[in-house]
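Encoded as structure tokens, the structure appears first; notes follow it.
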Amino acid sequence: MIRSLEVPLLPLLVFGFALTAVAIGAFTLIEKQADYVLAGPRLAEKFDSVERRWILALEHNDLALFERSISDSFVGTIDNQVLSKPAFVNFLSRSSGPVWKGANVEQLEARSRSDTAVVIGEMTFGPGGRAPYRFTKLYVFENGDWRLLSAHYAHE
């Protein structure tokens, strides 16, 4: 004869609800901490620093920085061309050099939600340089750093 195992249902339900509440609370706390850490002026300062590193890398043709800081899933548009990561890095290598010496980032704004950030701004060049262009970039936090997932550049 097979005997059924009787397990009290109430303690199991209480344990299940408690475990669910702890998990929801932990995920909410993680999301709020990520938004808090990257909120306001600190976020704009972070991405202003990122953009200035990009300018220096372009000035010195530092393609290794781009390989590290662009997501493998990257897709972007420049002058109505859709570019993958390899095509974008190739574009950057062809456009790098001394022309970037007078470049500057202006009107930078950044917004984040958890592990994603949107950055908009304007790139300007020194007197007699090329016309400025506006950009919109989407970053994701991957492998402990912000990596560029998508970008759109438009000349003014």
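No lab work stands behind these numbers, since they all come straight from the coordinates. If you're wondering where the values come from, they're calculated on a predicted model, not measured in any experiment. Because the Cβ atoms are built from the backbone with ideal geometry, glycine has one as well, and the counts that use them run over all protein chains shown.
Please work out the FRET efficiency for the pair residue 52 and residue 116, using the Cβ-Cβ distance as r and a Förster radius of 30 Å; give the result to the nearest 0.05.
Between residue 52 and residue 116 the formula returns 0.90.
As a footprinting exposure proxy, order 118, 105 by other Cβ within 10 Å, with the fewest listed first.
In order of increasing Cβ crowding within 10 Å: 118, 105.
Per the Cauchy relation, a quarter of the hull surface: what is the mean projected area of the convex hull of the alpha carbons in segment 40-155, in nm²?
Here the figure is 6.8 nm², rounded to one decimal.
How much length would be gained if the chain were fully extended between residue 93 and residue 65, taking 0.36 nm per residue of separation minus their Cα-Cα distance, in nm to one decimal?
Result for the pair: 8.9 nm of gain on full extension.
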